[in-house]
1. Set the Förster radius R0 to 35 Å, insert the Cβ-Cβ distance between residue B:201 and residue B:60 as r into 1/(1 + (r/R0)^6), and round the FRET efficiency to 0.05.
2. Return the long-range amide H neighbours of residue B:71 (sequence gap of 5 or more, or a different chain), with a cut-off of under 5 Å between placed amide H atoms.
3. Distance in nm between label sites at residue A:36 and residue B:261, each 7 Å beyond Cα in the beta-carbon direction?
4. Can you pull the one-decimal nm distance between simple spin-label points at residue B:276 and residue A:79, each 7 Å off the Cα toward Cβ?
5. Near the amide H of residue A:187, under 5 Å away, which other amide H atoms are found, from residues 5 or more places off or on another chain, if H is placed in the peptide plane?
6. How many Cβ atoms of partner chains, on average, are near each residue of B:234-245 if near means within 10 Å of its Cβ?
7. Using the charge dipole of region B:38-174 (Lys, Arg: +1 at Cβ; Asp, Glu: -1 at Cβ; taken about the Cα centre), state which of B:75, B:138, B:109 has its Cα farthest towards the positive end.
8. Starting from the Cα of residue B:7, draw a straight line to each of the lysines and keep only those under 24 Å, dropping any in the same chain fewer than 8 residues away.
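Rule-based calculations on the coordinates, nothing more; no lab input. Keep in mind the model is a prediction, meaning the values are calculated, not measured. Cβ sites come from the backbone with ideal geometry, for glycine too, and all protein chains shown count toward neighbours.
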Amino acid sequence: MKLQEYQVKRIFGQYGVPVPSGDVATTPAEARALAERIGGTVVIKSQVLVGGRGKAGGIKLAKSPAEAEEVAGRILGMDIKGLTVKKVLVDPAADIRQEIYLGMVLDRARRRVVVMASSEGGVDIEEVAAKTPEKIFSLAIDPFLGLREYQARDLAISIGLPKEQFAPFARICQGLYAAYMGCDASLAEINPLAVLGDGSLKALDGKMVLDDSALFRHADLAAMRDEDDETAEEREARLNGLSYVKLDGQIGCMVNGAGLAMATMDIIQFYGGAPANFLDVGGGAQADKVAAALRIILSDPNVKAVLFNIFGGITRCDEVARGILVALKEVERQVPMVVRLVGTNYEEGRAILAEAKMVTAETLAEAAQKAVAAAAATTAAAETPQHGARKGGVS
Amino acid sequence: MSILVNKDTRLLVQGITGREGAFHTEQMIAYGTPVVAGVTPGKGGTWGVGNVPIFETVHEAVTATGANTSIIYVPAKFAPDAILEAADAGVPLIICITEGIPALDMMKVRAYLDTTRSRLIGPNCPGLITPGEAKVGIMPGHIHTRGRVGVVSRSGTLTYEVVYALTLRGIGQSTAVGIGGDPINGTSFVDVLKLFENDPETRQVVMIGEIGGTDEEKAAEFIATKMTKPVTAFIAGQTAPPGKRMGHAGAIISGGKGTAADKIAALQAAKVRVARHPGEIAEMVAERM
């Protein structure tokens, strides 16, 4: 789960990382009031969960409260990479001398949280990593010892900070690490960490991604989930305990197990089709879950055929079959459906589905080929001009 | 021979009275796995499914029954503790089925386990099976047959798919191990490949990887430099978009790293035959029999 910049800055503040004294506004009037409170020039920043806000015109300076109101009015409602801006952060403009990068991420290969710092802040760190990797310094943190002060000092020296900044930089590193661990983050980033005109350090932008698996112990953080973090379908899937990722293809997939679901997508492509989604109904899927999954798949207008691939283990094929029947009664859309049931109670499952008009398959390869053919046939039928319908439309 | 579990396995079930734990304990016993003890705090002194004695702690259970393997079915909230308790009681092999353990918990658990003699398989895995001897997990037992192909995988049902295809062709398995779909786990591909390489019964190996991380790349390096037995591989997620978690917590392409294409290229460079889709795996293995 991704957090918005203003939420991240609040968290940073709680962990002793110095942040600007701004706040969030949802209307131009609120932005004006904040600008009045802050005084002087302010920066108005759109709060959307995508990168490249500045380039898209979503970050602007305002020299007066009146200008802040006007600028906020322009940014609120703006579309940035498909997301509508609903909130702006109003921060005091900063006198920036240098921009540093400081980030932490869980390194899977090393099985440690790794802290990274670079003197080249303020730009995309992946660009720095690609062009000038020698300018990024990193070190692994022992899970039992935490980030020690000497390690932070090492980083400060590596990125060329003067000695009077060693101690404040170390405090920021340790604060960020405490926030990372305290919130069960998978990524925490300050970019830029600015050296201001007076030599002090301040986190001018912040990013955090939280581990979804740990949200059960962070009700406060879980409540911060932004609706832009997921599509309506992804949200419904999550609430139903399903893993769903929308893709651009025409063949909807319902599979039990993540690996098998990915392999099903792959084999659809292998036979010349394109998967419309990833969907794992999970182990031991009950009928209602299956029904919810089918509703989600069919809510995508691109879907021209659906492939069910169920390898029964803990999941029982008869239970899945019942779910499919329930869903078919609720859903109005008619698209061809190909079903492959193997494993636990597959015979009962197939018997249940015998009454429904579904194509069946024995192997995954056969199922994929049939689904690809069915999707192609549906698409072709939709594209063929039907004279009767045309005439009706004209008159 | 086989690896990790066999007829000498003496299995302890942590979370034996839960819905999943009870159901799968019955299944494991029905398969012939020697289940010697269960642990559920607060229910010590009672008897679980299959008349298995239940203890308060893992230490008690091990002392009383000589359990040498533990399987964990407790919810994610309690699973890290369950793993640590088993390790502290000196259980040499711990299998954690539980999905959804916070990554930072696993980071600490794994760092602690590295200081002990215990090996962890999983979490978020189907377990492992040596056909005809011991089923320590949630996989359907009947799709497996005894044989000489070692199987190692990050996935559950995709492994069943591949194993079943092998069985239908009359190709049996020595042991099938699910190492799990989490970003930090207890046992890697390389760990299992090493065991298969040293197992006289195993003649060839099937490795089923997926997007995310670099475990497959490390496996490729190991296969190229240390392995004599042939390996057939498949990597799931060739059509997965970057930045999206594909069900498993560990199945994500982040920062352009962990793509199926990279993994396939690394494996092919190590002279591993990589199947284009799961259906091809059994065919490729059959050609090498």
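1. Result of the calculation: an efficiency of 0.50.
2. When sequence neighbours closer than 5 places are left aside, the close amide H contacts are B:12, B:13, B:14, B:95.
3. For residue A:36 paired with residue B:261, the spin-label model returns 5.6 nm.
4. 3.9 nm
5. A:209
6. Average per residue, whole number: 6.
7. B:138
8. Counting by Cα, and skipping residues close in sequence, residue B:7 has these lysines nearby: B:135, B:194.
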